[in-house]
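Enquirer: Mind looking over this structure? Questions follow.
The values are calculated or read from the model by the stated rules, or taken from the named source; none is laboratory data. As the structure is a prediction and not an experimental result, all values here were calculated from the model. Note that we place each Cβ from the backbone using ideal geometry, even for glycine, and neighbour counts take in every protein chain shown.
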Amino acid sequence: MSSPVAEVREFNRFYTTTIGVLREGLLRTPYSLTEARVLFELAQRDETEVAGLRRELGVDAGYLSRILARFATDGVVERTRSAIDARRLVIRLTPAGRAAYRLLDERSRTEIQRMLDRLPATDQRRLLHAMATIRGLLAGTGPARAAEVVLRGPRPGDFGWVVARHGELYAAEYGWDASFEALVAGIVADFTRTAADGSGRPPERERAWLAEVDGERAGCVFCMRDDEWTARLRVLLVEPRVRGMGIGARLVAECMDFARSARYRRMVLLTYDVLADARRIYQRAGFCPVWSRPVHRYGHDLVEQEWAAQL
């Protein structure tokens, strides 16, 4: 397994190659990456103090001086003394410098748009969220923006994901064996049957939801018929990376709201003593334990519990 340092270095090599910053002449211009960054910063204001520019970019004073000298020779910038403090040197872009910046900016936008256009909208959102997370974590501020959470109905491929993620997560977190994944597969297969296939299951009284965070699957819950007046909440799952965002509570609330609209009077669910986080969500939603019993399930000795809530 690669070390964290090796993983970061590998990502750096990949990304710098992808955006082409190692090519001679950034974006088919005569400027290096550092020179282009200097142009960008100078273009954001009418004039800039050289000392402030050096601090903002973190560039060696001698290196920055050589870049600005070259820019002055090429007619890209002009340097003058500050009107406020003659000891300070200020610099501004000339019309030729502004034109050079516009060319770089336009080509950069075109290259990035071309890269994004290769990805579907869902993957674009995932990419932008990952970039925001990297930027926020390295700056010590956490994610740079709030994540977009969406609850939606199932799409092709979602049912397989529900089965696989239950099997993977419960094995990783609780050591449960493959019999649990088989149980979930049976629940999902049962849910997908409708009255049309002779099973007698009314589709208008059953519903499933997938939670997405920035376009990526992050959780699920099913509402299924137990009897005429009772709905059963099943297969609640929230991915570890998004726990603490209230997604589990939202999924349970959505399930209960649907059950009320489908004329159920009561909702029940089956849980286990080791699932402490899930039980807290159920309790806050108004569920109470009805019965419990010791069982041997999924390769472990557990306490099985039925919880119920009036709708």
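Enquirer: Report, by residue number, each residue of region 264-289 that is over 21 Å from VAL184 (Cβ atoms), surrounded by 12 or more Cβ atoms within 10 Å (Cβ to Cβ) and over 26 Å from the mean Cα position of the chain (by Cα). Don't jump to the end; show me each part of the working.
Expert: Initial filter on region 264-289 (over 21 Å from VAL184 (Cβ atoms)): 264-266, 280, 283-286, 288-289.
Cutting the leftovers down to surrounded by 12 or more Cβ atoms within 10 Å (Cβ to Cβ) gives us 264-266, 280, 283-286, 289.
Answer for region 264-289, where residues must be over 21 Å from VAL184 (Cβ atoms), surrounded by 12 or more Cβ atoms within 10 Å (Cβ to Cβ) and over 26 Å from the mean Cα position of the chain (by Cα): TYR264, ARG265, ARG266, GLN283, ARG284, ALA285, GLY286, PRO289.
Enquirer: Say we look at region 213-233 and pick out the residues that are crowded, with 20+ Cβ neighbours inside 10 Å and charged (D, E, K, R); which of these is nearest to LEU270 (Cα to Cα)?
Expert: ARG232
Enquirer: Yes or no: VAL274 of a type in the set (Val, Ile, Thr), more than 22 Å from VAL150 (Cα to Cα) and in contact with a strand residue (DSSP E or B) (Cβ under 6 Å, 6 or more places away or on another chain)?
Expert: Working: of a type in the set (Val, Ile, Thr): yes; more than 22 Å from VAL150 (Cα to Cα): yes; in contact with a strand residue (DSSP E or B) (Cβ under 6 Å, 6 or more places away or on another chain): no.
No: the conditions fail for VAL274.
Enquirer: Continuing with this model, one more query. Right, ILE19: at pLDDT below 85, β-branched (Val, Ile, Thr) and within 30 Å of ARG118 (Cα to Cα) or not?
Expert: On the way: at pLDDT below 85: yes; β-branched (Val, Ile, Thr): yes; within 30 Å of ARG118 (Cα to Cα): yes.
Yes.
Enquirer: Identify all residues within region 234-256 that are charged (D, E, K, R), free of Cβ contacts under 8 Å to residues at least 40 places away in the same chain and closer than 14 Å to ALA278 by Cβ; write none if there are none.
Expert: From region 234-256, those charged (D, E, K, R) are 234, 239, 241, 243, 250, 254; that's our starting set.
With free of Cβ contacts under 8 Å to residues at least 40 places away in the same chain added as a condition, the list becomes 241, 243.
Scanning region 234-256 gives a single hit, ARG243.
Enquirer: What pairs come out if I take residues in region 212-227 that are within 16 Å of ASP158 (Cα to Cα) and pair them with residues that are of a type in the set (Asp, Glu) and in a strand (DSSP E or B) whose C-beta lies under 8 Å away, six or more apart or interchain?
Expert: Note: pairs meeting the criteria are ALA218/GLU212.
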